[in-house]
Amino acid sequence: MLTKSKIFLFCIACVVGIGVAAAQSPAVSPKEADEAKQQAARQVAQPLNNQPVWSEIRSGQPQFTSIPGRETNVLIQSQGQTWRAARVPLATGGGFLFSFALIVLAVFYVWRGPIGMHAPPTGRLIERFNRTYRDDVLGQYMFEDLDQVTYRLRETRARRIPMTVDQGASESASARYT
């Protein structure tokens, strides 16, 4: 059995539905109604083809935007359209230029071969910042300025090898940060 509240809710839903349907009714003027019919026919024949809408937007006629500013009433800027048109040929040309440069490098390598050494290797190696050193020195601290980095590097080097650099600067830095 229907109660009064269910009937009332049904009536409200019908009124809302009628309002939504009325809001979606076709245009009032004959010109707008004709355009709406043409667009509906185009959607049936060519789904997802919005060419008339985009032509109107790109026409340069002032449109409505809700954001105030220098570009008010501009929906699509012509510079962006120019870039979209020029992007593909530029990217294609850039790709060919990059490929040409790689081919030239490969031909040069085949022609000249690898770079030779002036003397035979001596067997000596230069140890750079290995993982242990990076973790020990740089991974543990948050540095605020370059003086702190310099101090921490000198302190770590002093533990591993004797300090031969300006001792006075190191002592003043240690006094500042300890």
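Applying the set (1) at pLDDT 75 or above; (2) of a type outside the set (Ser, Thr, Tyr); (3) exposed (fewer than 10 other Cβ atoms within 10 Å of the Cβ); (4) more than 31 Å from the chain's Cα centre (by Cα) to GLN46 leaves exactly one unmet item: (3).
Taking the numbered list (1) of a type in the set (S, T, N, Q); (2) assigned to a loop (DSSP other than H, G, I, E, B); (3) at pLDDT 75 or above in turn, THR82 passes all entries but (2).
Conditions (1) basic (Lys, Arg); (2) surrounded by 10 or more Cβ atoms within 10 Å (Cβ to Cβ); (3) in contact with a Ser or Thr (Cβ under 6 Å, 6 or more places away or on another chain); (4) modelled with pLDDT under 80, marked per residue:
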| site | (1), (2), (3), (4) |
| --- | --- |
| PRO121 | no, no, no, no |
| ARG124 | yes, no, no, no |
| THR132 | no, no, no, yes |
| VAL137 | no, yes, yes, yes |
| MET142 | no, no, no, yes |
| ASP147 | no, yes, no, no |
| TYR151 | no, yes, no, no |
| ARG157 | yes, yes, no, yes |
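Being free of Cβ contacts under 8 Å to residues at least 60 places away in the same chain, in the same structural domain as GLN39 (by TED's automatic domain parsing) and out of contact with any helix residue (DSSP H, G or I) (no Cβ under 6 Å at 6 or more places or on another chain) is a property that does not hold for ARG84. Of the residues THR92, THR132, THR65, the single one that is hydroxyl-bearing (Ser, Thr, Tyr), out of contact with any helix residue (DSSP H, G or I) (no Cβ under 8 Å at 6 or more places or on another chain) and assigned to a loop (DSSP other than H, G, I, E, B) is THR65.
The values are calculated or read from the model by the stated rules, or taken from the named source; none is laboratory data. Nothing here was measured: the structure is a model prediction, and the numbers come from that model. Cβ sites come from the backbone with ideal geometry, for glycine too, and all protein chains shown count toward neighbours.
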